[in-house]
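Reviewing the structure listed below.
The values are calculated or read from the model by the stated rules, or taken from the named source; none is laboratory data. Since the structure is predicted, the reported quantities are computational estimates derived from the model, not experimental observations. Cβ placement follows ideal geometry from the backbone for every residue including glycine, while neighbour counts extend to all protein chains displayed. Side chains included, ligands, DNA and RNA excluded: accessible areas come from the protein's heavy atoms. Shrake-Rupley method; radii C 1.70, N 1.55, O 1.52, S 1.80 Å.
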Amino acid sequence: MKINDKYLIKDIKEELPVLKEALEEAQLSGTGLTIEKYEKALADFFGSDKALAQSSGSAALHTALFCLDVKPGDEVLIPAIAPIPTILPLLTVGALPVVVDIEKNGLGFDPKDLKKKISSKTKAAILVPLWGYPIDYTQTLAVLDDAGIPLIEDTAQAHGSKLGEKYMGTFGKVGCFSTHDRKLLSTGEGGFILTNDKGLYDKMKQFSQLGYMDGKTYGVNHKLSALQAALGTHRIKQIPTQLDKRKAFVKLIEDRIKNTEIKSFPIVEEGSSNYYSLVLILPWDKSKNYKFIQNLDERGIPSDILKYGFCPIYKRPMFTDLASDCTNTEWLIDHMTSIPIHPGLTEKEVIYMAESIVEVYKNLK
Ligand SMILES: *Cc1c(COP(=O)(O)O)cnc(C)c1O
């Protein structure tokens, strides 16, 4: 069996009328009524004052960084577990990424390392609820607020994940989402930013629209096209059923692996994950864990660890000069794997994955 790690919606009958309506609106650029409707629907769904559509998640991060006045030479804190798309927009604004270790059993900053890495040049901090696992920001926000440092959430993988009653992406100054085809809300390519700061929203909107070409204000074109927005507005309604289905699939797997030493990655108290992927913690050392991942891959079950050569950001050739002592990050990457969980899977495929996990575990044990 070959498991697809990407959920491709093929709901053409439902979606054609939505696209037709946008075509009839005859405003296909990123400034028309269709965009306004999408932004309103996003703000309503996530419980944010404002939403700003963007052409990608990378564009969203770029817009946020630029409009938070992150200038060349300014430092921006990022977790060592951050993937490549989180860090590249920092280079676009000329910022210096400063790597912070993650906490034990979570994807937030390690509190001790965070305090060590803040300097007079720190201009912003980014956290990433990877694989949809929520972060408890309470402690971090207290420290950052004290130092006057805004938090950017890179919530590209966390649509619908929550802490308490609040969605990931609504805790920081801004939440930057991607709507790339693999993400929980897909418009093919695309992204958006959530914020409650009206002044910042106005600035980000102007920046994304060529500074309104007023000849005084710098800007770029990060607008989303109206056809994508129309699709997005329709697909927001599918998020709750997606979340339910993913949760049910995770339960099928968790029930079947509970007599092994393989554990689900813990979810922070009062948190709920959207299960962009299911993260499993493996019981052995790095090389044996890697064998487990390879064995699953041979059975057609892909892992982000293999697919993206997942490693701490400072082990990528471009970023070796950011090396830092990040034992929690290294431990997690050496002991985890990700399992595809999405509504495009059948129950049969999910049970096949669960049984494969148990079999490979027994073979290696
Ligand atoms: C997908 C992703 C991005 C980039 O989004 P694009 O829309 O592909 O530009 C950024 N950060 C994370 C964590 C992602 O998963």
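The table below gives the values:
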| item | result |
| --- | --- |
| Some residue of segment 226-242 being out of contact with any helix residue (DSSP H, G or I) (no Cβ under 6 Å at 6 or more places or on another chain) and closer than 16 Å to LEU65 by Cα | no |
| Residues of segment 28-65 satisfying the condition of being acidic (Asp, Glu) and either surrounded by fewer than 17 Cβ atoms within 10 Å (Cβ to Cβ) or within 16 Å of the ligand (Cβ to nearest atom) (or both) | GLU36, ASP44, ASP49 |
| Residues of segment 187-201 satisfying the condition of being within 24 Å of the chain's Cα centre (by Cα) and away from the ligand (no atom under 16 Å from the Cβ) | THR195, ASN196, ASP197, LYS198, LEU200, TYR201 |
| Single condition SER186 does not satisfy, out of (1) in a helix (DSSP H, G or I); (2) touching a residue at least 40 places away in the same chain (Cβ under 8 Å); (3) open to solvent by less than 50 Å² (accessible area, probe 1.4 Å) | (1) |
| Among the residues listed as LEU96, LEU68, the single one being in contact (Cβ under 8 Å) with a residue 40 or more places away in the chain and either open to solvent by less than 40 Å² (accessible area, probe 1.4 Å) or more than 16 Å from the ligand (Cβ to nearest atom) (or both) | LEU68 |
| Enumeration of residues in segment 326-337 that are open to solvent by 10 Å² or more (accessible area, probe 1.4 Å) and either in a loop (DSSP other than H, G, I, E, B) or among the acidic types (Asp, Glu) (or both) | GLU330, ASP334 |
| Hits in segment 107-134 (condition: among the charged types (D, E, K, R), assigned to a helix (DSSP H, G or I) and in contact (Cβ under 8 Å) with a residue 40 or more places away in the chain) | ASP113, LYS117 |
| Members of segment 179-225 that are under 16 Å from SER48 (Cα atoms) and touching a Gly at 6+ places or on another chain (Cβ under 6 Å) | GLY191, LEU194 |
| Qualifying position, being at pLDDT below 95 and over 19 Å from LYS258 (Cβ atoms), among PHE319, PHE310 | PHE310 |
| Residue match in segment 202-214 (condition: within 15 Å of the ligand (Cβ to nearest atom) and under 26 Å from LYS173 (Cβ atoms)) | yes |
| Which numbered condition LYS104 misses (of (1) in a loop (DSSP other than H, G, I, E, B); (2) surrounded by 17 or more Cβ atoms within 10 Å (Cβ to Cβ)) | (2) |
| Close pairs (7 angstrom Cβ cut-off, 6 or more residues apart or separate chains): closer than 14 Å to ILE351 by Cβ in segment 232-261, open to solvent by 20 Å² or more (accessible area, probe 1.4 Å) and hydrophobic (A, V, I, L, M, F, W, C) anywhere | LEU252/ILE351; ARG256/VAL358; ILE257/VAL358 |
| Verdict on PRO129 being on the phi < 0 side of the Ramachandran plot, within 15 Å of the ligand (Cβ to nearest atom) and not hydrophobic (A, V, I, L, M, F, W, C) | yes |
| From PRO89, PRO83, PRO111, residue being more than 25 Å from LEU243 (Cβ to Cβ), open to solvent by 10 Å² or more (accessible area, probe 1.4 Å) and not basic (Lys, Arg) | PRO111 |
| Count of segment 164-183 residues which are more than 11 Å from the ligand (Cβ to nearest atom), under 20 Å from PRO89 (Cα atoms), part of a loop (DSSP other than H, G, I, E, B) and in contact (Cβ under 8 Å) with a residue 60 or more places away in the chain | 2 |
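Okay, residues lined up against (1) over 26 Å from GLY108 (Cβ atoms); (2) more than 20 Å from the chain's Cα centre (by Cα):
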site: LYS291; (1), (2): yes, yes
site: GLY300; (1), (2): yes, yes
site: GLY309; (1), (2): no, no
site: TYR314; (1), (2): no, no
site: TRP331; (1), (2): no, yes
site: GLY344; (1), (2): yes, no
site: LYS348; (1), (2): yes, yes
site: LYS365; (1), (2): yes, yes
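Table: residues versus (1) under 22 Å from LEU130 (Cα atoms); (2) open to solvent by less than 40 Å² (accessible area, probe 1.4 Å).
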position: LYS258; (1), (2): no, no
position: ASN274; (1), (2): yes, yes
position: ASN295; (1), (2): no, no
position: LEU306; (1), (2): yes, no
position: SER324; (1), (2): yes, yes
position: ILE339; (1), (2): yes, yes
position: TYR352; (1), (2): no, no
